[in-house]
Number of protein chains: 2
Amino acid sequence: MQRAAALLRRGCGPRTPGPWGRNQSSAAAEASAVLNVRPERSRRERILTLESMNPQVKAVEYAVRGPIVLKAGEIELELQRGIKKPFTEVIRANIGDAQAMGQQPITFLRQVMALCTYPNLLDSPSFPEDAKKRARRILQACGGNSLGSYSASQGVNCIREDVAAYITRRDGGVPADPDNIYLTTGASDGISTILKILVSGGGKSRTGVLIPIPQYPLYSAVISELDAIQVNYYLDEENCWALNVNELRRAVKEAKDHCDPKVLCIINPGNPTGQVQSRKCIEDVIHFAWEEKLFLLADEVYQDNVYSPDCRFHSFKKVLYEMGPEYSSNVELASFHSTSKGYMGECGYRGGYMEVINLHPEIKGQLVKLLSVRLCPPVSGQAAMDIVVNPPVPGEESFEQFSREKESVLGNLAKKAKLTEDLFNQVPGIHCNPLQGAMYAFPRIFLPAKAVEAAQAHQMAPDMFYCMKLLEETGICVVPGSGFGQREGTYHFRFCSGTFPVRAPPEKVVI
Amino acid sequence: MQRAAALLRRGCGPRTPGPWGRNQSSAAAEASAVLNVRPERSRRERILTLESMNPQVKAVEYAVRGPIVLKAGEIELELQRGIKKPFTEVIRANIGDAQAMGQQPITFLRQVMALCTYPNLLDSPSFPEDAKKRARRILQACGGNSLGSYSASQGVNCIREDVAAYITRRDGGVPADPDNIYLTTGASDGISTILKILVSGGGKSRTGVLIPIPQYPLYSAVISELDAIQVNYYLDEENCWALNVNELRRAVKEAKDHCDPKVLCIINPGNPTGQVQSRKCIEDVIHFAWEEKLFLLADEVYQDNVYSPDCRFHSFKKVLYEMGPEYSSNVELASFHSTSKGYMGECGYRGGYMEVINLHPEIKGQLVKLLSVRLCPPVSGQAAMDIVVNPPVPGEESFEQFSREKESVLGNLAKKAKLTEDLFNQVPGIHCNPLQGAMYAFPRIFLPAKAVEAAQAHQMAPDMFYCMKLLEETGICVVPGSGFGQREGTYHFRFCSGTFPVRAPPEKVVI
């Protein structure tokens, strides 16, 4: 572990303390709110207790911001108080939060957002004309020409049109209908909304939701909240985390004994596993969904994050259409995108969209009704989404700067992915699959029997114990594999390579 | 009805077509998505249908954006296509969306937001220093000094501190703890999160949630989604929609036969009813909650919207503390605020907060965990909330302009409330209680027996029938009382007085 930490720390280089100092205090406050469980002082019993609360909420686990992250906040507080540690700062590799780790926002995106926020700037000569043009277009589509008005529940009309045009371009001309686009509060909101509408039945007919293992824990959390049945299918670690349809078949077959498997979730490029699915594999999955009558959820938020030269992103929608009308007019598919990842990393704006095709027309009405209860997604996030799908084009004033910034971010992410993979594979006891895309590594750790025993003595999962030690001894915060799911008896952690802070060009880092 | 419409239209005056044209098309698209239920073309049955979907979602109703609003969208489409109507535009009085109706954003708020969005502007001489100071403070508390980073799940630290300081000022020194503040995606998000954690049990021990009738339909929608038991208590229309504790007592007593009443929701100032609760009444309600062991939810998003000179806003928190330690250290209370209402009307940013006091420490952890699944509320909305709770103070450069703008908006809202009340009370067959606060009138309509029969012949609730006719014949879009709940045999509609577009000063409108 010490060797891994040393290598990771050497790869990291110094960073400015400013933003970190503040970020630390924010995380630390969260930690203190949760961990400092003080004894009850008052006389009366509380109405809301662990015993009386919603048991489905109690069952929710969310490791990405779970106990280890709270511990990281505590350690940051201790560092602030001057307590000596073998390190001076915590490195938060637990979450894909690019801008928190120093990635600069795309200038054009922020220019358009500032113009929309404060339209007086439309008269300012310091903003480029193409940014102004986009801001005017967005504002004209908002009630009262203002980001401060509610939008339609499904999202601002012209932004949904831009999303549809983007999808059509991305998919080489496969048509997309703005009516099928729903703007959301990040991708998480879309995923949980669609799952909410899908879950029904009791006992053996309760809805089963197939999710990959390892998975992104939003899925297990929402399944738990909705009291649906989680059906695991295992990705093939020996085969670079590939999805094997035989494994899907096994999972569905076994699930049918105790639930009604109705939904199949895919994350491509993979989170936390970083693989990129082949076109053939996607075709197999779609055929399987068609055969087994499964509603497909394609989490494609890392569609811009493909690094391996041997891999390409294929959207489920495009493959579905290429498979012919039997599939393209029958398979129900929701796919998700976000402003948070890709090259923009605008997590804080909570922008996203979903495209839902072959939805029963009556269900469209139900979906809009459900969305309308929370009125609308943040309009500023919708505007951010618009820039992502409608960026500057050749001939426009901002095109060159935009392209330069975009390529620089994506180039850095690719370098960091390679660096991460290489570093991990130099450490005895760690094996890391090739990082083809997304922003994460999910290396396997081979723990000695004594470490497993020590963990058990502490009533901790062995990988949680490892990650806790890694954090306490080196200040590096990663999330244990048990928070994402893994094959029994194997141990992993998720490390966000995308936020790996590199100062020197990676090729100059001598291991 | 014709008389009512003529009076309302006379009060309205002309408006610029620009934003409306766009807003219309957006609403129209929503209408066409939902209402144009085309026959199924494809061969296979859908997986997700009205029969197979989540029955709790199917049971959700949300009238504020329900069928009448979809019909309004259809009519707007028809007007755009040149179809002749007795009116040239639809007046959307169905929702409190101030900026969509022409209310201008508060300059200072948007200046700070623009500076946070595009920090290059911090060097611009066209922005006041106090706005820059606030923007710097917010950015320093964000990861990577950027609105594009995720915040802590509970919200940005310094913004929660500002909220706590605001509450302390508002409540005359009653202390507020930043640890008890949770920033949310509008108030709706906070309300549904707290309800989600509160609901448990099966059969007769299923959680009962007391809500006022008439209510804001978010409550009934969330209760339905969570499969909780809605327990109605009726506001006293004859007594200006006052809350009577005897009625609460009746409701709880009857509810105990079939559920476990555990939560009491209050909306003050009232939505849709526009009343402001007296201090005495709040004290009675708190005592009742203490006595009956009810978790209190105080929806106080209209706390800045009190118009009647005889009324004042009293927060539940303040009254709770003034009642002494037996209450202040025992009664569990969540109160909600938002950027959407008040004088700022920033609905689109989806900013809000909740303060939760006397929460069991273990539940705090559960709440943070639940919030962390959706990562964080939009950081731009959090920043907007910060300006609302931390506005310019005397001596600061922007104070004068800010105060002028704030007073102008609140003054206009007060005038519109009075105008609305007076207009309705001139119409035979309509009775409207005094509008003491919030943004709505909920007048009672006395329908002739023949109108009720005609409605029944159309299989419509009588007030839905009335509102549909009002919309079709006059273009005025209001929401039928049945969407909010009302005493059996009485009929009402909700009219948003706050968006009543007045051109001439109201005192010059000759009725």
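The values are calculated or read from the model by the stated rules, or taken from the named source; none is laboratory data. Remember, it's a predicted structure, so these values are computed and weren't measured experimentally. All Cβ positions, glycine included, derive from the backbone under ideal geometry; neighbour counts span all protein chains shown.
Candidates are the residues of the range B:52-106 that are touching a residue at least 40 places away in the same chain (Cβ under 8 Å), surrounded by 17 or more Cβ atoms within 10 Å (Cβ to Cβ) and of a type in the set (S, T, N, Q); the one that is farthest from the other protein chains (Cβ to nearest Cβ) is B:N94.
Return yes or no: is B:E283 within 30 Å of B:R160 (Cα to Cα), out of contact with any Phe, Trp or Tyr (no Cβ under 6 Å at 6 or more places or on another chain) and surrounded by fewer than 22 Cβ atoms within 10 Å (Cβ to Cβ)? Yes: the conditions hold for B:E283. State yes or no: is B:P261 assigned to a strand (DSSP E or B) and over 21 Å from the mean Cα position of the chain (by Cα)? Yes, satisfied. Quickly run through the range B:296-342 and pick out the residues that are more than 14 Å from B:Q277 (Cβ to Cβ), out of contact with any strand residue (DSSP E or B) (no Cβ under 8 Å at 6 or more places or on another chain) and charged (D, E, K, R). Residues satisfying the conditions are B:D304, B:E322, B:E326, B:K341.
Answer yes if at least one residue in the range A:364-374 is outside any helix (DSSP H, G or I), within 9 Å of chain B (Cβ to nearest Cβ) and of a type outside the set (F, W, Y), and no otherwise. Yes, some residue in the range A:364-374 is outside any helix (DSSP H, G or I), within 9 Å of chain B (Cβ to nearest Cβ) and of a type outside the set (F, W, Y). Filtering the range A:324-348 to residues that are of a type in the set (S, T, Y), buried (at least 24 other Cβ atoms within 10 Å of the Cβ) and in contact (Cβ under 8 Å) with a residue 40 or more places away in the chain leaves A:S338, A:T339, A:S340.
The single residue among B:Y321, B:Y302 that is surrounded by 17 or more Cβ atoms within 10 Å (Cβ to Cβ) and within 19 Å of the chain's Cα centre (by Cα) turns out to be B:Y302. Only one of the listed residues (A:Y349, A:Y353, A:Y327) is over 27 Å from A:P434 (Cβ atoms) and at the interface with another protein chain (Cβ under 10 Å from one of its Cβ atoms). That residue is A:Y349. Being more than 23 Å from A:Q366 (Cα to Cα) and not assigned by TED's automatic domain parsing to the domain that holds B:P214 is a condition met by at least one residue of the range B:59-79. Only strands (runs of 3 or more DSSP E) whose full extent lies in the range A:145-244 are considered here, and the ones with at least 2 residues that are surrounded by 20 or more Cβ atoms within 10 Å (Cβ to Cβ), touching a residue at least 40 places away in the same chain (Cβ under 8 Å) and at the interface with chain B (Cβ under 10 Å from one of its Cβ atoms) are A:181-185.
Summed over the range A:384-417, residues that are in contact (Cβ under 8 Å) with a residue 60 or more places away in the chain, surrounded by fewer than 19 Cβ atoms within 10 Å (Cβ to Cβ) and not in a helix (DSSP H, G or I) total 2.
Within the range A:121-135, being within 22 Å of B:P105 (Cα to Cα) and more than 8 Å from every other protein chain (Cβ to nearest Cβ) holds for A:L122, A:D123, A:F127, A:A131, A:K132, A:K133, A:R134, A:A135. On inspection, A:S380 qualifies as within 13 Å of chain B (Cβ to nearest Cβ) and among the small types (G, A, S).
In summary, B:I363 fulfils each of the numbered conditions (1) at pLDDT 95 or above; (2) farther than 28 Å from A:N145 by Cβ; (3) not small (G, A, S) with the single exception of condition (1).
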